[in-house]
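Asker: Below are the C-alpha cells for one structure; questions will follow.
The values are calculated or read from the model by the stated rules, or taken from the named source; none is laboratory data. The structure displayed is predicted, hence computed values, not measured ones. Note that we place each Cβ from the backbone using ideal geometry, even for glycine, and neighbour counts take in every protein chain shown. The accessibility values were calculated without ligands, DNA or RNA, using every heavy atom of the protein model including side chains. Shrake-Rupley method; radii C 1.70, N 1.55, O 1.52, S 1.80 Å.
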Amino acid sequence: MAKVVYVEADGTKQVVETEVGQSVMEAAVKNGVPGIVGECGGVCACATCKVRVDALWLEATGERSQIESETLAFLGDGGSGLRLSCQLKMRAELDGLIVHTPETQY
Ligand code: FES
C-alpha cells in the first residue's frame with residue numbers, strides 16, 4: 001500500500017491508499033477524487049487525467065514516456081511536472097506522493 005495526496009485547485013486535500021502497481025488515475029477514479037476523469041481508461045489517449053506532480057516528487061516520479069510527452073504536446077500542454085496520471089504507477093517508494101489536480105480537464 002502507498003498513499004497519494006491529491007490537492008485540488010482550491011487547496012482541498014484527499015488522501016487515498018493505493019495498491020502498488022495501480023495508477024494514480026485508477027486510484028483517483030476508484031475513490032471519487034474530483035478533477036480526474038480517466039475517460040480512455042488509462043491508454044494515454046484522452047489526457048483527462050492530467051495532474052501536476054508536486055515539486056518535492058519530481059525526481060522520484062521520473063521522466064514521462066515518449067507517448068505521454070506526445071499526448072501532452074499535442075494538447076499544447078507540456079509544462080514542468082505535468083503528467084498523465086494513468087502513466088504514474090504506484091511503487092512503495094512513492095508512498096506520500098503529492099499531485100495537484102487541475103480546475104478542469106478540458
Ligand atoms: S486516462 Fe486517458 S490519458 Fe490518462
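Asker: Any residue that is in contact with a strand residue (DSSP E or B) (Cβ under 7 Å, 6 or more places away or on another chain), within 19 Å of CYS40 (Cα to Cα) and outside any loop (DSSP other than H, G, I, E, B) - is there at least one of those in the range 53-64?
Answerer: No: the range 53-64 contains no residue that is in contact with a strand residue (DSSP E or B) (Cβ under 7 Å, 6 or more places away or on another chain), within 19 Å of CYS40 (Cα to Cα) and outside any loop (DSSP other than H, G, I, E, B).
Asker: Pull out all pairs, ordered by first then second residue, where Cβ-Cβ is under 9 Å, the residues are six or more apart or on different chains, the first lies in the range 85-96 and is over 10 Å from THR61 (Cβ atoms), and the second is charged (D, E, K, R) and away from the ligand (no atom under 16 Å from the Cβ).
Answerer: Short answer, once both residue conditions are applied: MET90/GLU19; ASP95/LYS3; GLY96/LYS3.
Asker: Go over the candidates VAL20, VAL43, VAL15, VAL33 one by one and state the one that is within 13 Å of the chain's Cα centre (by Cα) and among the aliphatic types (A, V, I, L, M).
Answerer: Numbers: VAL20 fails: within 13 Å of the chain's Cα centre (by Cα); VAL43 fails: within 13 Å of the chain's Cα centre (by Cα); VAL15 fails: within 13 Å of the chain's Cα centre (by Cα).
Within the list VAL20, VAL43, VAL15, VAL33, the selection yields VAL33.
Asker: (1) within 16 Å of the ligand (Cβ to nearest atom); (2) free of Cβ contacts under 8 Å to residues at least 60 places away in the same chain: which one isn't true of ALA60, the others all being true?
Answerer: (1)
Asker: Okay, moving on. Are any residues in the range 1-22 open to solvent by 50 Å² or more (accessible area, probe 1.4 Å), among the aliphatic types (A, V, I, L, M) and not in a loop (DSSP other than H, G, I, E, B), and if so, which ones?
Answerer: VAL15
Asker: Considering only the range 23-50, state which residues are open to solvent by less than 10 Å² (accessible area, probe 1.4 Å), more than 9 Å from the ligand (Cβ to nearest atom) and either in contact with a Lys or Arg (Cβ under 6 Å, 6 or more places away or on another chain) or not β-branched (Val, Ile, Thr) (or both).
Answerer: Selection gives ALA27, ALA28.
Asker: A further question on this structure: If only one of LEU94, LEU58, LEU72, LEU88 is open to solvent by 50 Å² or more (accessible area, probe 1.4 Å) and among the aliphatic types (A, V, I, L, M), which one is it? Walk me through it before giving the result.
Answerer: On the way: LEU94 fails: open to solvent by 50 Å² or more (accessible area, probe 1.4 Å); LEU72 fails: open to solvent by 50 Å² or more (accessible area, probe 1.4 Å); LEU88 fails: open to solvent by 50 Å² or more (accessible area, probe 1.4 Å).
So the residue among LEU94, LEU58, LEU72, LEU88 that is open to solvent by 50 Å² or more (accessible area, probe 1.4 Å) and among the aliphatic types (A, V, I, L, M) is LEU58.
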